[in-house]
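Everything below concerns the one structure shown next.
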Amino acid sequence: MGGLSTLTPLLLSPHERIVQETATAINYIVSDSEDNKNAVIADRGLDDLVHAAQKSGPEAQKIIAGIFLDLTFNSEIRTQMAARSSPAKAMIELTKSSDEETMRLSLQTLELLALESSDMICAQEELLDILLALPKRTVDEKLYLLAGKVLLYFAENKQVCENLLSKSSLRESLRLYSKSKDAVLHKVIVKIIMYMVDSKEAKAQVQQMDLEGVLKIIKDNATDRDVWDMADEAIELINTDDDLTTLPTLSTIEKLHRMEPAAGTAAGNSSGNSSGSQSSLIDKKEFDKKPMFGSKTSLQMDKKPQFGSKASLASSGSARSVNSFKKGID
């Protein structure tokens, strides 16, 4: 594979046709074997790919986006890529493409890099703006889900989440995402908002931005029992007076556990009426697929759908048991 050391520099050519033909050849090579993948990034191969991703034309960029995704599936190469910011910056450049396939491939690569190093991804502030602007650029709901899953990493990071809350486009972006019919995306958006109310100050910002309205849209469009329940519980969390800031070193679920004794037996009884399994959404590698219930018209914003009814929860107020919060919360 010594010929690769002379092949990848051709990606630096000022001639678009040469770059495209070279990218096509490399694409075949990396898809052939794991050894070939390592050979491609050896020496300055990865740097050459980064350059081409940022400087080449649309057709070559699409091919290069596919090469990066293929390389990222290799755990050793993914670790090398996550240790540097340049591959992520190259993928961010590709997410700006008007070609939806290029956008899809680059967002998938960014998600894999985030799984390897979320801090490195969260340090890319430009990416945050791109993710928030994406629903205004496309109506492809598959891209919405990919963008939402990457956005979730920003919400999980407390320091970066403060920056996220300062974005004027946040509410409108989440509102557009919430209009999707994808139940998994709905869960992602609910979790993003739940991460934002982890402190008293952040909760005040969430209330001021009326992110509760986003949750109501999700409830109104939910065709999944867990989605409706998660959104309903997130609304209550936004409006409760319980101060979670007194437990700064604990995770969200641990804080909720600490609040449970104050919930009282009445709330404990109401939690017994909860239905469905307690599934976790925090593993962004894979989301549980839930059965569909009811129809769109049956899930109105102001009344609970017939499936999974928890009538007793309505009277429990801020004292309700936090057991039901365990769905989808890490």
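Structural remarks
- All of (1) of a type outside the set (Ser, Thr, Tyr); (2) touching a residue at least 40 places away in the same chain (Cβ under 8 Å); (3) open to solvent by 30 Å² or more (accessible area, probe 1.4 Å); (4) touching a Leu at 6+ places or on another chain (Cβ under 7 Å) hold for Arg78 with one exception: (2).
- For region 176-192, the count of residues that are polar (S, T, N, Q) and over 20 Å from Ala222 (Cβ atoms) is zero.
- Options Ala234, Ala222; residue that is buried (at least 21 other Cβ atoms within 10 Å of the Cβ) and at pLDDT below 90: Ala222
- Leading residue by the ranking (least open to solvent (accessible area, probe 1.4 Å)) among those in region 81-111 that are part of a helix (DSSP H, G or I) and of a type in the set (Lys, Arg): Arg104
- All of Lys158, Lys216 fail the test of being in contact (Cβ under 8 Å) with a residue 60 or more places away in the chain and open to solvent by 50 Å² or more (accessible area, probe 1.4 Å), apart from Lys216.
- Here is the figure for region 112-146: residues that are open to solvent by 10 Å² or more (accessible area, probe 1.4 Å), part of a helix (DSSP H, G or I) and within 16 Å of Val160 (Cβ to Cβ) total 8.
- For region 228-246, a tally of residues being within 19 Å of Lys149 (Cα to Cα), without any contact (Cβ under 8 Å) to a residue 60 or more places away in the chain and in contact with a Lys or Arg (Cβ under 8 Å, 6 or more places away or on another chain) returns 1.
The values are calculated or read from the model by the stated rules, or taken from the named source; none is laboratory data. This is a predicted model, so every value here is computed, not measured. Every residue, glycine among them, receives a Cβ derived from its backbone with ideal geometry; neighbour counts consider all protein chains shown. Keep in mind that these areas ignore ligands, DNA and RNA; they rest on the heavy atoms of the full protein, side chains included. Shrake-Rupley method; radii C 1.70, N 1.55, O 1.52, S 1.80 Å.
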